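Below is one structure; the comments refer to it alone.
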Amino acid sequence: MRRILITGGAGQLGQAIYAKCNGSDNHYIIATHADMDICDGEDVEREIVDNAIDIVVNCAAYTNVEGAEEHPEGAMAINSDAVALLAEVCHKHAVRLIHISTDYVFGGDRERRRPYREDDIPQPINTYGRSKAQGERAVLATCRGIVLRTSWLYAPWGKNFLRTILRLACERKELSVVDDQRGTPTSALGLAEAIVGIIDSGAIDNMSGIYHYCDGGECTWYDFARAIVEEAGIKGCIISPTTSHERGMKAERPTYSALECSRIGDINAVVILPWRERLSEVMDIIRKAL
């Protein structure tokens, strides 16, 4: 039996892993910020040593893209400095590390239509992306870690695009959503299944370096919003397209950030489903909870 520590346990991915690890022969420990401060090296080492941890999955992150532009030191502290500390502790104690990263390490451009591969060079265009790219480099340079990039993550819980659209579509008659950013919505539950799958199957033993995981297909945020409203059966709210410039966003976003996922998709323990299918699964969970 292996002992797995999940950092950022209160976040949407941490909760998804908790939901998906039931019945596992391994022991998953879900740690929130109250349990462990990932910015404190001594706290991190104590948690790992005292619990005899074999694998760490780092889900803790500063994910507010707009906020990172106003508070870059906060984003760097959590997404880069803390990750470097975590990687050092994992290396010291021979603990495997899976670090969750993002499509925003890439810059994207309007003409691009080839999904990013793991060997494409990161070129982030905002503070959030730069902080995550620095965290990736720390993992890859320090320990035999796995960097697992994902995109546009959402869940039935937490703060995310899906839940925001559901709330606003019930409150307003019209919503404007950007249609000049293209990528892939990814269910945190699907990503959690992949993470638990590679650990419980033992596939992790033969893995290292960078992997991409997101749901299948591509769309814009506008497409995603329309699909959410359609899946929810919400009537009386019109979804209109707009541009990032019109929205006045502080942080520049990649116009194209789809990820090529064939490397992880070749692992038997991982199943990649179309994003619309995963969206239906999440909406079913939300409906059952009402």
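The values are calculated or read from the model by the stated rules, or taken from the named source; none is laboratory data. Note that the structure is a prediction, hence the values are computed from the model and not measured. Neighbour counts are summed over all protein chains in view; Cβ atoms, including those assigned to glycine, are modelled from backbone coordinates with ideal geometry.
Pairs are defined by a Cβ separation below 8 Å, a sequence spacing of at least 6 or placement on different chains, a first member in the stretch 244-264 that is assigned to a loop (DSSP other than H, G, I, E, B) and modelled with pLDDT under 90, and a second member that is charged (D, E, K, R) and surrounded by fewer than 22 Cβ atoms within 10 Å (Cβ to Cβ); the pairs so defined are 249/66; 250/66; 250/69; 250/70. Can residue 94 be described as crowded, with 19+ Cβ neighbours inside 10 Å and closer than 24 Å to residue 209 by Cβ? Taking the combined requirement at face value, the residue does not satisfy it.
Test residue 144 against the stated conditions and say whether it is of a type in the set (Lys, Arg), over 17 Å from the mean Cα position of the chain (by Cα) and not in a helix (DSSP H, G or I). Taking the combined requirement at face value, the residue satisfies it. Among the residues of the stretch 143-170, those identified as charged (D, E, K, R) and modelled with pLDDT of 95 or more are 149, 163, 167. The condition (being touching a residue at least 24 places away in the same chain (Cβ under 8 Å), surrounded by fewer than 20 Cβ atoms within 10 Å (Cβ to Cβ) and over 30 Å from residue 249 (Cα atoms)) is satisfied by just one residue among 48, 53, 29, 17: 29.
Pull up the stretch 68-88, narrow it to residues that are among the aliphatic types (A, V, I, L, M) and farther than 22 Å from residue 198 by Cα, then point me to the one that is surrounded by the fewest Cβ atoms within 10 Å (Cβ to Cβ). So, considering only residues that are among the aliphatic types (A, V, I, L, M) and farther than 22 Å from residue 198 by Cα, the one surrounded by the fewest Cβ atoms within 10 Å (Cβ to Cβ) is 77.
Quick one: is residue 65 out of contact with any strand residue (DSSP E or B) (no Cβ under 7 Å at 6 or more places or on another chain), over 27 Å from residue 207 (Cα atoms) and crowded, with 18+ Cβ neighbours inside 10 Å? It is true that residue 65 is out of contact with any strand residue (DSSP E or B) (no Cβ under 7 Å at 6 or more places or on another chain), over 27 Å from residue 207 (Cα atoms) and crowded, with 18+ Cβ neighbours inside 10 Å.
Per-residue answers, yes or no, for (1) under 19 Å from residue 97 (Cα atoms); (2) in contact with a strand residue (DSSP E or B) (Cβ under 9 Å, 6 or more places away or on another chain):
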| site | (1), (2) |
| --- | --- |
| 170 | no, no |
| 205 | yes, yes |
| 227 | no, yes |
| 237 | no, yes |
| 246 | no, yes |
| 249 | no, yes |
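Considering the conditions (1) surrounded by fewer than 19 Cβ atoms within 10 Å (Cβ to Cβ); (2) outside any loop (DSSP other than H, G, I, E, B); (3) at pLDDT 95 or above, residue 267 is excluded by exactly one of them, (2). Once the stretch 110-145 is narrowed to residues that are touching a Ser or Thr at 6+ places or on another chain (Cβ under 6 Å) and either over 16 Å from residue 62 (Cβ atoms) or among the aromatic types (Phe, Trp, Tyr) (or both), the residue that is surrounded by the most Cβ atoms within 10 Å (Cβ to Cβ) is 144.
Taking residue 199, is it farther than 21 Å from residue 103 by Cα, touching a helix residue (DSSP H, G or I) at 6+ places or on another chain (Cβ under 6 Å), modelled with pLDDT of 95 or more and of a type in the set (Val, Ile, Thr)? No: the conditions fail for residue 199.
Scanning for something among the β-branched types (Val, Ile, Thr) and farther than 25 Å from residue 197 by Cβ, does the stretch 16-28 turn up at least one residue?
no
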